[in-house]
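*Asks:* My questions all concern the structure below.
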Amino acid sequence: MAETPSTMTPLGRIMPVFELPDASGVLHTSASLSGERGTLIVFLCNHCPYVVHVADELGRLGVEYCNRGIGVAGINSNDASKYAADAPARMPIFAQTHGITFPYLFDETQSTAKSFGASCTPDFFLFDPDGRLVYRGQLDSSRPNNDIPVTGSHLRLAMDALIGDDLISEDQAPSLGCNIKWKQYNCCSESQSS
């Protein structure tokens, strides 16, 4: 696995517009996923050990904050043709195993990941009610095998501040995880997408 930090996209940028299907083919839009108090987009996948390490907390966090007015969605942008564990058919099983009830979407073209500037799994993007990016850091300091408990403390602090109309510190530590498994295109291939 290639350990990769998040790119720390500039704060204040507007949430990209997207439309993606879940594993059953139902389309979800950035507008339909937005919550009254804000929106959290998490880039994740089924097989990454960093995601698996925090997946139960993602499930808990999703339930709690959806009930508090923050829209939450997960996006899998990995190349499923090369990483079968990340295929859409396996996404509902992963979600159910970890108590993830928020929409879990598949970004087959990877254009949504690119528009967000996502680079790793997990990668977190929290937007305010006006769609401005206010947090793009780590869930917490826990990583596989570092013996720090998974609490979601960093992201929870930011979401609590957003709900309470408080300032969110711009001192944010990047997330760390596996790199997104980008599709490789031959420059002359007919299958290349723009």
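Taken together, the values in this text are just the output of simple stated rules run on the coordinates, not laboratory data. In this text the structure is predicted, and so the values were computed from the model without any measurement. Here the Cβ is made from the backbone with ideal geometry for all residues, glycine too, and neighbour counts use every protein chain on show.
*Asks:* Can you run down the residue pairs with Cβ atoms below 6 Å, 6 or more apart or on separate chains, where the first is in segment 111-140 and farther than 13 Å from Leu40 by Cβ and the partner is surrounded by fewer than 21 Cβ atoms within 10 Å (Cβ to Cβ) and of a type in the set (Val, Ile, Thr)?
*Replies:* Pairs found: Gly117/Thr7; Gly117/Thr9; Ser119/Thr4; Ser119/Thr7; Cys120/Thr4; Asp140/Thr151.
*Asks:* Restricting to helices (runs of 4 or more DSSP H) lying wholly in segment 1-103: which have 3 or more residues that are not hydroxyl-bearing (Ser, Thr, Tyr)? Steps first, answer last, please.
*Replies:* Numbers: elements: 30-33, 49-66, 91-97.
Fully inside segment 1-103 and qualifying: 49-66, 91-97.
*Asks:* Okay, next question. What pairs come up if the first residue lies in segment 166-183 and is touching a residue at least 40 places away in the same chain (Cβ under 8 Å), the second is assigned to a loop (DSSP other than H, G, I, E, B) and among the small types (Gly, Ala, Ser), and their beta carbons are under 6 Å apart, counting only those six or more places apart or on different chains?
*Replies:* From residues that are touching a residue at least 40 places away in the same chain (Cβ under 8 Å), the pairs are Gln172/Gly137; Pro174/Ser6; Ser175/Ser6; Asn179/Ala2; Ile180/Ser77.
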